[in-house]
1. Scan region 58-77 for residues that are in a helix (DSSP H, G or I) and either under 12 Å from residue 101 (Cβ atoms) or within 12 Å of the chain's Cα centre (by Cα) (or both) and report the count.
2. For region 5-27, name all the residues that are modelled with pLDDT of 80 or more, more than 13 Å from the chain's Cα centre (by Cα) and in a strand (DSSP E or B).
3. How many residues does region 111-138 contain that are modelled with pLDDT of 50 or more and either of a type in the set (D, E, K, R) or assigned to a strand (DSSP E or B) (or both)?
4. Out of region 80-98, which residues are crowded, with 17+ Cβ neighbours inside 10 Å and more than 15 Å from the ligand (Cβ to nearest atom)?
5. Look through region 38-57, keep the residues that are outside any loop (DSSP other than H, G, I, E, B) and within 15 Å of residue 121 (Cβ to Cβ), and return whichever of them is nearest to the ligand (Cβ to nearest atom).
6. Condition (residue is among the hydroxyl-bearing types (Ser, Thr, Tyr), surrounded by fewer than 12 Cβ atoms within 10 Å (Cβ to Cβ) and away from the ligand (no atom under 16 Å from the Cβ)) applied to region 58-77: is it met by at least one residue?
Amino acid sequence: MRFNKAIRSPSWYHEKEIDITDEDKSFEWNCIECKEKISVSLKERLTFPCDPFPKGDFSEEERKEIREYYVMGEHSRSPCGGGMVFENIGCPLCKSNYLFAYGLNEPSNSYLVLTVQGIVHIDQAEQGASHNAGKPAS
Ligand SMILES: [Zn+2]
């Protein structure tokens, strides 16, 4: 897994994006490859996952790489104080891959707050393309 450009990095200061009193809310950014808007529904993520990697089919190796990238151990917390969750999100148009990371915190009983902590563009050219950083204008 090659981590390309970070669009958002973990911080204590990120706004709390959504809590259970919000009806419906999405987190959006523009794809760095094709500028398409990528939208992630936060409402459907307001549940404690039993796995920090609930979606995206990460291999053991990738899980390790993600923890190393974010300098996390098995039980590290998100900067918001909650658990950190990682997901693979694909651009709907060009299929670029993004590693989407968010913290889920429970400041009081069954009151969940989600904070988007990280968005990193994943370079899919795993093999042999590392010298080809700039895209040729076809
Ligand atoms: Zn795209």
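1. Residues that pass the stated criteria total 3.
2. 26
3. Within region 111-138, residues that are modelled with pLDDT of 50 or more and either of a type in the set (D, E, K, R) or assigned to a strand (DSSP E or B) (or both) number 14.
4. 80, 82, 83, 84, 85, 86, 87
5. 38
6. yes
The values are calculated or read from the model by the stated rules, or taken from the named source; none is laboratory data. It should be emphasised that the depicted structure is a prediction, and the values quoted were computed from it without experimental measurement. Note that each Cβ is placed from the backbone with ideal geometry, even for glycine, and that neighbours are counted across all protein chains shown.
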